1. Find all pairs meeting these conditions: Cβ atoms under 9 angstrom apart; at least six residues apart or on different chains; first residue within the stretch 34-51 and modelled with pLDDT of 90 or more and in a helix (DSSP H, G or I); second residue loosely packed, with under 14 Cβ neighbours inside 10 Å and aliphatic (A, V, I, L, M).
2. In the stretch 66-87, which residue that is over 30 Å from residue 40 (Cβ atoms), in contact with a strand residue (DSSP E or B) (Cβ under 9 Å, 6 or more places away or on another chain) and in a loop (DSSP other than H, G, I, E, B) is modelled with the lowest pLDDT?
3. Starting from residues that are surrounded by 13 or more Cβ atoms within 10 Å (Cβ to Cβ) and under 16 Å from the mean Cα position of the chain (by Cα), keep the ones in the stretch 7-31 and report whichever is nearest to residue 65 (Cα to Cα).
4. Of all residues in the stretch 10-31, which are basic (Lys, Arg) and assigned to a strand (DSSP E or B)?
5. It is to be established whether one or more residues within the stretch 27-36 are in contact with a helix residue (DSSP H, G or I) (Cβ under 6 Å, 6 or more places away or on another chain) and farther than 30 Å from residue 73 by Cα.
6. What are the pairs, 6+ residues apart or on separate chains, where a residue within the stretch 63-87 that is exposed (fewer than 10 other Cβ atoms within 10 Å of the Cβ) has its Cβ under 7 Å from a residue that is among the small types (Gly, Ala, Ser)?
7. In the stretch 1-30, how many residues are of a type in the set (A, V, I, L, M, F, W, C) and under 16 Å from residue 86 (Cα atoms)?
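The values are calculated or read from the model by the stated rules, or taken from the named source; none is laboratory data. Remember, it's a predicted structure, so these values are computed and weren't measured experimentally. All Cβ positions, even for glycine, are placed from backbone atoms using ideal geometry, and neighbour counts span all protein chains on display.
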Amino acid sequence: MQERDFFTEKNETGPETLNCPMCKHSAEYQIRWIRRTKKATLPPRGDADDNARFKKARDYMIRVDDAVNCVRCRRRIEINSKSVVLL
């Protein structure tokens, strides 16, 4: 059983303030995330190993966007913050 079977996925966007390294302009960008929420119960085809992994599983978010373009100079801004956030 794969880890994705333990979670329900939902796409979200959230604001994040970033500074352009070239023009030093600060702006707020909408960053895309995938929120994975743990299901209430283990799917029926799980075995003992899957049950142990399911008990340890936690809700988390994965960042989809790795870079955005500056609104002033249109240069690429790399996002250096965490790409996975535990909830």
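1. Final answer for the pair search is none.
2. Among those residues, the one meeting the criterion is 81.
3. Result: 31.
4. Residue satisfying the conditions is 10 alone.
5. No; the residues of the stretch 27-36 include none that is in contact with a helix residue (DSSP H, G or I) (Cβ under 6 Å, 6 or more places away or on another chain) and farther than 30 Å from residue 73 by Cα.
6. 78/67
7. 2
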